[in-house]
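Comments concern the structure below.
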Amino acid sequence: MLIFAYLVTMQIKSQIAKEHPKATLTLLFMSGAMLQTLLFLCCCGKSSFHLFTLAANITATGILLFMPFVFLSGRWRWAQIVWMFLTALLMLANVWYLRVFEDYMSPLNILLIGSVDSTIASGALAVMHASDFTILLPCILTAAIFAALPSDIRKIKTSCKFRIIITAVCIIAVGGSVLKLHLDYYRYLKSTGYANSLSDFRAIINENLSRQHQVLVRGFAIAQIQELASSLSNSTELDQHDIEQIAVYSGKATGLKTGNNKNIIVIVVESLNSSAVLWEHNGRLAMPLLNSLLSDTSTLAFTEMASIVGEARSADGQFMYHTGMFPLRNEPFVVSNATGPYPSIQRILPDNYTSVEIIGEDATMWHHKETSAAYGFDSIYSDIATGTIPHGISQDDVIFNRACQIISGLRQPFYAMISTMTMHDPYVFATARNSWISSVDSLDRRDANYLERCHEFDHALTQFFKWLKTQSLWENSVIAVVSDHEARQSCLSEILNTGHQFFCLINTSKSGHNTGIISQIDVYPTLLDAAGLYDTVPWRGFGTSLLRAGEPGFALMPDGSVIGNAHSDSILNTQKQQWLLSEKWIRAKNKPSVINELYKCQ
């Protein structure tokens, strides 16, 4: 790539038009910006756009990339290189993000760059293609031309007339691109029967569209700029009506901290699909412990829990389990709202409880240190499974061994949240200690690797449960095992890609294996009920206690679709309003006063 850039630069330097160097270089840099956009769309798989749609997209984004060259004076024109490199890196990140999450990345995700560790890096490496790096080629060519012709470039002066023309062309190109994309999307929705009129179309695009659909409607550059502007201006306050609505959804409570004085142990499992719990081959199970809980008389189990996490994935799952609130749908809440404070189980436990959070990764990952304080934990134990781990030992072995040490030093009753790591994607690499699962020839290699990780977690959990029983902690503890979110669809075959998650409660008043649809938002109120606090707390969460009403039978998804049967429009509309209120609550600047108001009776 560098050699090619050098040869092209030398050719340009020798052949540049002597009479019109300004026009030649200007056209060259504009072409480079457009080429970068074309390469990005090709890597995203969007080169199959209709020719005019593709041209409109390239022109609009390309001219926006070209703006620093037009509006900056000669000595500052090097900023064009920096701008193109930064946008190229953003485009590369979006290409990889799209392959993993099947959607584009929020521009605010850039602020989480400090959270990148070896686990995330390995996930990115698994989806990289060598051709992706062609996106950097126009940047390298631009930098090479700048290095070869610095004085010629500095001498180029863009007149006010030229800037006005370029700005007008940009506005026309962007407007035309957006209009063409709207028309394409309208024709598509009409052909599929989703929109029979313009009013139907307007209703659809005003819904909470996925970022990929926003790009389809507005183009990549405009969608990113619009979302960034919207996110930065979204900070608001909950008014008195909002606070009253929160109280209505919570229900009436006495504020008395009673409870059953049982220990509460919540194990949040990385990427656990129910299909792995149910999977068997010739009578042998990948997860014998969890599978046995389905028929255990002391366990209430659910294998049809829908994942409703947003951009923050694991952090969103933990957020719902801690707070009983819906997550933000289009951006990671931890970027600008990690400090809370938020309602939580920890805040409403009787004063004799101790609460701890135990995580394998560093506390800076996804702002765990801030969120742990926002949820009201007394302490957080982190960085447990990030170092060198001996061969044949899984990350979850290390996490549960450390959890045993931490819990043994706690006074009872306690609340402990333990997050696992072994089953994090990608699943392209074999585990350190393969079992009989890897010898099943009919399995896709990714599925085999995933099931091996599930097997390792199940083994580590078995040892942890044995320890609880030897320490006489089992009988006096309510234990929950729950998926943080589903395993990414792009990482597994259709056999294991059911999209359903696992949730079980051990040592509660109900038992049985339930196959009805439930949602992640139902976990918090169920935990409250299991702790004997549901009838006395000021905040019960937006979900349903599964110990009382049974499974709700439906789950509202982040894109507004519904899994299962909501039974009535009223129930569905209520949950939609709750999600909107929850998002406003997360972004509200007056969260501390809302929390004080909520818990003033305690």
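The values are calculated or read from the model by the stated rules, or taken from the named source; none is laboratory data. Since the structure is predicted, the reported quantities are computational estimates derived from the model, not experimental observations. Ideal geometry is used to build each Cβ from the backbone, glycine not excepted, and the neighbour counts take in all protein chains shown. The area values use the complete protein model at the heavy-atom level, side chains included, leaving out ligands, DNA and RNA. Shrake-Rupley method; radii C 1.70, N 1.55, O 1.52, S 1.80 Å.
The set of residues in segment 177-195 that are open to solvent by 30 Å² or more (accessible area, probe 1.4 Å) and either of a type in the set (A, V, I, L, M, F, W, C) or closer than 16 Å to Gly62 by Cα (or both) comprises Val178, Leu179, Leu183.
Residues in segment 441-472 that are among the acidic types (Asp, Glu) and either in contact with a Pro (Cβ under 6 Å, 6 or more places away or on another chain) or surrounded by fewer than 17 Cβ atoms within 10 Å (Cβ to Cβ) (or both): Asp441, Asp444.
Taking every residue in segment 451-465 that is under 19 Å from Phe429 (Cα atoms) and at pLDDT 95 or above and pairing it with any residue that is crowded, with 22+ Cβ neighbours inside 10 Å and of a type in the set (Asp, Glu), at least 6 positions away or on another chain, the pairs with Cβ-Cβ distances below 6 Å are Phe457/Asp396. All of (1) among the acidic types (Asp, Glu); (2) without any contact (Cβ under 8 Å) to a residue 40 or more places away in the chain; (3) crowded, with 19+ Cβ neighbours inside 10 Å hold for Glu475 with one exception: (3).
Within segment 402-419, being in contact (Cβ under 8 Å) with a residue 12 or more places away in the chain and either basic (Lys, Arg) or in a helix (DSSP H, G or I) (or both) holds for Arg402, Ala403, Cys404, Ile406, Ile407, Ser408, Arg411. Residue-level check: of (1) crowded, with 24+ Cβ neighbours inside 10 Å; (2) within 14 Å of Glu370 (Cα to Cα); (3) modelled with pLDDT under 95, Leu328 misses just (2). Restricting the search to helices (runs of 4 or more DSSP H) fully inside segment 169-251 and requiring at least 2 residues that are closer than 30 Å to Tyr342 by Cα, modelled with pLDDT of 75 or more and within 27 Å of the chain's Cα centre (by Cα) gives 220-232, 240-250. Residue count for segment 383-396, restricted to those that are touching a residue at least 24 places away in the same chain (Cβ under 8 Å) and either of a type in the set (Gly, Ala, Ser) or in contact with a helix residue (DSSP H, G or I) (Cβ under 6 Å, 6 or more places away or on another chain) (or both): 5. Residue count for segment 466-494, restricted to those that are under 26 Å from Tyr427 (Cα atoms), in a loop (DSSP other than H, G, I, E, B) and out of contact with any strand residue (DSSP E or B) (no Cβ under 9 Å at 6 or more places or on another chain): 3. Residues in segment 342-363 that are within 30 Å of Arg433 (Cα to Cα) and open to solvent by 10 Å² or more (accessible area, probe 1.4 Å): Glu361, Asp362, Ala363. Look at Asp425 and say whether it is in a loop (DSSP other than H, G, I, E, B), on the phi < 0 side of the Ramachandran plot, open to solvent by less than 30 Å² (accessible area, probe 1.4 Å) and acidic (Asp, Glu). Against the criterion (in a loop (DSSP other than H, G, I, E, B), on the phi < 0 side of the Ramachandran plot, open to solvent by less than 30 Å² (accessible area, probe 1.4 Å) and acidic (Asp, Glu)), Asp425 qualifies.
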